[in-house]
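To keep things clear, I will list the structure first and then write my remarks on it.
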Amino acid sequence: MNLSKIPSQDDIYIVDDSLWDQLQELTEGDVSSCYQCGVCTAVCPWGLFGGESLSVRALIRSAQIGIQDQNENLWLCTTCGQCNAYCPRGVDVAKIIRALRLLAWDAHTVQAGLPSLLWSIYWNNNPWSQPPSQRENWIGSQHVPLFDPDHHEILLYIGCTSSYDRRAQKIALALVEIFHESAVKYGYLGENEPCCGESALSVGHLPYFHEIVLNNTKLFRDRGVRDVVTVSPHCYDVFKNHYPAVDGWIKPIHYTEYVEKLISDGRLSFSTTIGKRVTYQDPCYLGRHNKVYDAPRTVINAIPGIELIEMTEVGIDGLCCGGGGGRMWLETKAGERFSDSRVQQALETNADTLITACPFCVVCLEDSLKSIPECEMQVLDVAELVVKAL
Amino acid sequence: MGELHIVVCVKIVPKPEEIRVDPETRLLNREGVRSEINPPDMNALEMALKLKDEFGARLDILSMGPPSFEPHLRAALAMGCDHIYLLSDHAFAGADTLATTYTLAKGIEKISGVDIVFLGEESSDGATGQVPPGLAEWLNISQLTLITDVNVDLNQWVVQGRREIKGGYEILEVPIPCAISVKTAANEPRFMDFSRKDWAFDKGSITIWNASDLCVEKEYIGLPGSPTIVSDLAEASVRERKNIFIKGDADEIARQLANIIQSVI
Amino acid sequence: MVKSIYGVEEESKIILVYIEHTKGKIENVSLEMLSKGRELADQTGWELKGLVVGYDVDSLATAVLENGADGVILANHWLLENFTVDAYSHVVYSILLDLKPSIFLLGATANGRDLAGRLAVRLRTGLNADCTDLNINLDTGVLVCEVSGFGSGILAMIEAPIHRPQMATVRPGVFSIQENRLARSGEVYAYKVELNKDQIQTRIIEQIIAEEVDLTSVPVLVAGGRGVSGNFEALYRLAELLGGEVGATRPPVDDGYIERERQIGQTGVVCSPQLAICCGISGAFHFVVGIEKADIVISINSDPDAPIFEFSDYCVVGNVDSVLPALEEVLLANKEVVYG
């Protein structure tokens, strides 16, 4: 520190004491647990991409002192939870990131493209700016029953990405085929299936997310929904962890767990041998966030002829595909995409197929593989693999 | 001089992809069709709100339509506006742009003291783009259209706007009062301010005026005020394409494409 | 019923076309309207006239006559050198009151729409916007305009039975320009413009008009999307070979790889080329709207599921980087065969 230098306007930060209080409240005290050890920054995947890595520690420190960091780095975070997994004090870093993002909404300093995302949920009931009247188009010629609590065991919750994204629609169709094969009595809310609001939560607009939760909770209650099977781990995560557990009457389960149960209950069996060498990508919101590591693997291993080889970075250390934390709606520069590294790690296993259980992972990983010339590795969601063996 | 008084004209439109034409009656079928704020009007709202941020202003919304428009207009209120004026009367229905601009002009006159009127470039349903210049003409005020950026000079009492035209742009200046149409997608509309939202949807102020409140001349509103009539209506047919896939290696594909191209041009 | 300033009883059987011009050159849309106007005039036996407003515009009269007009009205004044809606609406209004044409057509350009919008109200008459077809009902003498609405999903026919003039703005590129006729003999009338500075409230502070790229009437369009990764060189070469122009979807424009004037689609240019070649374009609806009216669409995309293929006549699942150079080579070779 050069004491003889007269500070210029740029060096002067306005400290906002109330910022600290707000953060304390928003994170329910977590932010004060951080003692600035820096392990979070060390394990953050952004460190892999050289340049300006996301310094989680610095973000938190600025906030602790009361300086609102207007840094665009705040929006780089994919909320993969790698930091949470290693934090010695058990700080929920994703919660702090969301809180900081909420403060950015209040200050009108959010990343471009995000207000449009929220408006899209508001006007179109999905974050993809797709027409709400076309939410059922993924069904094509299939028959998908409308949910009736008196006749259906579960509600199948498709989610916005699998409803509208052409690649992800195939996951939904595969799952429907599995349910038909297993004679599962399931129903779907159709065109009126509400957006779960995960993207609003990810980008930190907590009040809007709260409103979505209230509306959806009422809708589910009115429709008599209890057991919900989701396609996306993101929808699963919000239903499980961010929707009020009112008498625990909504029981969300990810489809891989449900399919595992179908197999163990003898309702689903395989008649075809699939001679594939596969590796598996743990989606962050299934694995690290909700500890569902085994169910997808059990399903994969139940398929005759499959050889499952794990990547070196696996389980708690699995690399994020880069899609979480709202980043599916933000541009990530070429050369900085997590999925590019992840597919390299997958290729190292010499597997011919990369299996995952999340629409974001499927889309990001497939995109990355496409840019590798003459690469034969395929990406399949667990449901798509299962359908091949029926 | 006091505070700047800005009004944004907002239209609530049906979602275009949901509109159908009844093949027998040849009328638009609006049943069950979802509505939204005309997307270009969202850009107009954002531009007006930016001026409010910068200069402080009273910012009202003016709309014309049935009471069912209310919840959507309240969303605009929650973005940061102060008041809604809704012109609602069966007599206004069936209006083409001449009658619409007349009615809106009467609304602006009744609000009174309006310095700047913002509008979206066009609406997603009719897409005529005629309302901004038409409204300016009725009010006998200047206009700036297709504006992507705007500045107010409070001393000179003028508005400067950047207007996008083919091959470039112009910077124009007009005196206040004036009407400004905002180019579609000129900015990213801010999301609702949730600290304002409860007020906007609950107690948020709205005034509803009918034809007699506005002192309009009956021949100038609704159907009587509309020179144009729709003589036929149909759903546009999507052109059928051949969808022929060309296979082969790059050279083979190139040869086939060249043949196709040479037969076309 | 509201009454127009002059009605059908007082009209002259004239189709008046507003001739828009920039830097001494007539805009294509005005020539297109003259061609269509000529057709309508021949059908009805009415007169077709062109209206040129500006400064030092006498030289444009010949081109207007050559393109089918029976007469030209010139409104020359130094205050009309640059378009301002105040000055132009003042002058055109008085000309319309003098001439009382049955039909008044303008191009649906930025200035055309402004002028038309103000004049229609001043005249208390009907105005149809961005028309894609025009016909005259020979029994009633009423102009029937085809317009689209609801994002091009709905087609409507609109008329103004008793209000005059029957005004319409015409979408650029929908009508074709008939080949130049020989100089027609026609009256060139110099209108006496009365205008003073106080009548103009709009001040032009700055005007930047770069090199004009008019894609609306391009015969061949070679368009690039995300899939060309910002590299438009091969597309420019192909466009030149085929006598066409290069267009783009929104992402490369937003990323700064190509000028906004070349953006094709709902928020860009809508054109109707004989041939459209789409390279690395996924085919989102808002782009497709821009080339819907193309005679033949060829698409090249490495994704077999790309939506663009549904809207294409000829589909190539492949890499733009390998297909375009190979195509260029074949076309060049063929050219040599023809001219060699």
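Side notes on the structure shown:
- Residue pairs meeting the criteria (Cβ under 9 Å; at least 6 apart or on separate chains; first away from chain C (no Cβ under 14 Å) and under 17 Å from B:Ile111 (Cβ atoms), in segment B:206-226; second surrounded by 13 or more Cβ atoms within 10 Å (Cβ to Cβ) and among the aromatic types (Phe, Trp, Tyr)): B:Ile206/B:Tyr85; B:Thr207/B:Tyr85; B:Ile208/B:Tyr85; B:Trp209/B:Tyr85; B:Asn210/B:Phe92; B:Ala211/B:Phe92
- Each residue in segment B:92-119 was checked for being surrounded by fewer than 19 Cβ atoms within 10 Å (Cβ to Cβ) and within 14 Å of chain C (Cβ to nearest Cβ), and 1 of them qualify.
- Any hit, segment A:65-74, residues being of a type outside the set (D, E, K, R), farther than 25 Å from A:Lys333 by Cα and not in a loop (DSSP other than H, G, I, E, B): yes
- Filtered by the rule that a residue be part of a helix (DSSP H, G or I), open to solvent by less than 40 Å² (accessible area, probe 1.4 Å) and either more than 13 Å from chain A (Cβ to nearest Cβ) or of a type in the set (A, V, I, L, M) (or both), segment B:31-67 gives B:Pro40, B:Met42, B:Ala44, B:Leu45, B:Met47, B:Ala48, B:Leu49, B:Leu51.
- Residue within segment C:103-114 that is assigned by TED's automatic domain parsing to the domain that holds C:Tyr189, crowded, with 23+ Cβ neighbours inside 10 Å and aromatic (Phe, Trp, Tyr) present: yes
- Considered as a group, the residues in segment A:332-354 that are touching a strand residue (DSSP E or B) at 6+ places or on another chain (Cβ under 6 Å) and outside any helix (DSSP H, G or I) include one that is surrounded by the most Cβ atoms within 10 Å (Cβ to Cβ), and that residue is A:Leu354.
- Pairing residues of segment A:299-313 that are modelled with pLDDT under 95 with residues that are in a loop (DSSP other than H, G, I, E, B) and open to solvent by less than 40 Å² (accessible area, probe 1.4 Å), at Cβ distances under 8 Å and at least 6 apart in sequence or on separate chains, gives A:Glu313/A:Leu319.
- Here A:Ile139, A:Ile97, A:Ile171 are screened, and the one residue that is of a type in the set (Val, Ile, Thr), away from every other protein chain (no Cβ under 13 Å) and in contact with a helix residue (DSSP H, G or I) (Cβ under 6 Å, 6 or more places away or on another chain) is A:Ile171.
- Residue identified as farther than 27 Å from B:Arg196 by Cα, in a helix (DSSP H, G or I) and open to solvent by 20 Å² or more (accessible area, probe 1.4 Å) among B:Glu137, B:Glu122: B:Glu137
- Residue within segment B:168-179 that is closer than 28 Å to B:Pro14 by Cβ and either at pLDDT 95 or above or aromatic (Phe, Trp, Tyr) (or both) present: yes
- Of the strands (runs of 3 or more DSSP E) that lie entirely inside segment B:144-221, those containing 3 or more residues that are under 18 Å from B:Tyr85 (Cα atoms) span B:206-209.
- Screening C:Gly283 with (1) within 17 Å of C:Leu235 (Cα to Cα); (2) touching a residue at least 24 places away in the same chain (Cβ under 8 Å) gives one miss only, at (1).
- Only a single item in (1) out of contact with any Ser or Thr (no Cβ under 6 Å at 6 or more places or on another chain); (2) outside any helix (DSSP H, G or I) is not met by C:Ala87, and it is number (2).
- Here C:Arg171 qualifies as under 30 Å from B:Pro16 (Cβ atoms) and of a type outside the set (Val, Ile, Thr).
- Residue in segment C:170-178 that is surrounded by fewer than 16 Cβ atoms within 10 Å (Cβ to Cβ) and in contact (Cβ under 8 Å) with a residue 12 or more places away in the chain present: yes
The values are calculated or read from the model by the stated rules, or taken from the named source; none is laboratory data. Everything numeric here is computed off the predicted structure, so don't read it as measured data. As a convention, Cβ positions derive from the backbone with ideal geometry for all residues, glycine included, and neighbour counts pool all protein chains shown. Heads up: the accessible areas ignore ligands, DNA and RNA and are worked out on the full protein's heavy atoms, side chains in. Shrake-Rupley method; radii C 1.70, N 1.55, O 1.52, S 1.80 Å.
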